[in-house]
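Below is one structure, written out as structure tokens; comments come after it.
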Amino acid sequence: GIWMEKAKQNDIIFVCFGVNDINRGRTGVQVMEDLRTIVLSLKAAGCRVILFTVPPFDMVEQKKEYWYEVNAAIRGELGTVADAIFDFAQILSQEAPNEHCAKYGGHPDVEGCAIAAEVYLKEWREGKL
């Protein structure tokens, strides 16, 4: 409602599905439908939309699988409807097979934030975002 109408007044919108959103009890399919609706609505209003992947947060069991599912959809199908993707998870994750675990702490620490900001600015300057 109100949030969407305010968002539509901007030129560029960053859509970030966060770690706390994983705890809301929705299925991956529901989340993808919601994100698709949000992105398409913003684009219909003339906004440029950049999606962020969900950062790592040492997920376990079901939440870990959900984390992988949501990020795969953002990198895949949802990435085709957005204008760009910033892969926050790739920057802050541990190496495979533990990409769901945080390399720089769950909120990331100062080093993780600096690295993410540096990569973000580089991609922005290169026109990738």
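The values are calculated or read from the model by the stated rules, or taken from the named source; none is laboratory data. Predicted model, so just to flag it, every value in this text is computed and none were measured. With ideal geometry, Cβ positions are generated from the backbone for all residues, glycine too; neighbour counts draw on all protein chains shown. The accessibility values were calculated without ligands, DNA or RNA, using every heavy atom of the protein model including side chains. Shrake-Rupley method; radii C 1.70, N 1.55, O 1.52, S 1.80 Å.
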Checklist entry - Once you sort the root eigenvalues of the Cα gyration tensor of segment 1-66 as a ≥ b ≥ c, which label holds: rounded (a/c under 1.5), prolate (a/b larger than b/c) or oblate (the other case)? => result prolate
Checklist entry - Among the aspartates and glutamates, which fall within straight-line cross-link reach of K63, defined as a Cα-Cα distance under 15 Å, with same-chain neighbours fewer than 8 residues apart omitted? => result D21, E99
Checklist outcome for this item: Within the under-13-Å Cβ sphere about K64, not counting K64, Lys/Arg +1 and Asp/Glu -1 give a net charge of -4
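Given just the C-alpha atoms of the chain, how large is their convex hull per residue in cubic angstrom? Before the final figure, lay out the partial values.
Numbers: hull volume 14.5 nm³, N = 129.
Considering the Cα atoms of the chain, their hull volume per residue is 112 Å³.
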Item to check | Average accessible surface area per residue within the chain, 1.4 Å rolling probe, Å² | outcome: 59
Checklist outcome for this item: The alpha-carbon center of segment 11-81 and that of segment 95-127 are separated, in whole Å, by 17
Checklist outcome for this item: Once all protein chains are kept in place, C47 shows an accessible area at probe 1.4 Å, nearest 10 Å², of 10
Next on the checklist: Restricting to DSSP H runs of at least four residues, report the calculated mean residue ellipticity at 222 nm for the chain, -39500 (n - 2.57) per run over all residues, nearest 500 deg cm²/dmol.
Outcome noted: -15500 deg cm²/dmol
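Hey, if we sort I115, I13 by accessible area with the 1.4 Å probe, largest down, what's the order?
Ranked list, largest accessible area first: I115, I13.
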Checklist outcome for this item: The percentage of the accessible area of the chain (probe 1.4 Å, all protein chains present) made up of carbon and sulfur atoms, to the nearest whole number, is 53
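Multiplying the sequence separation of D34 and E95 by 0.36 nm and subtracting their Cα-Cα distance, what value in nm do you get? All intermediate terms of the calculation are to be shown ahead of the outcome.
Numbers: separation 61, 0.36 × 61 = 21.96 nm, distance 2.95 nm.
Gain in length upon complete extension: 19.0 nm.
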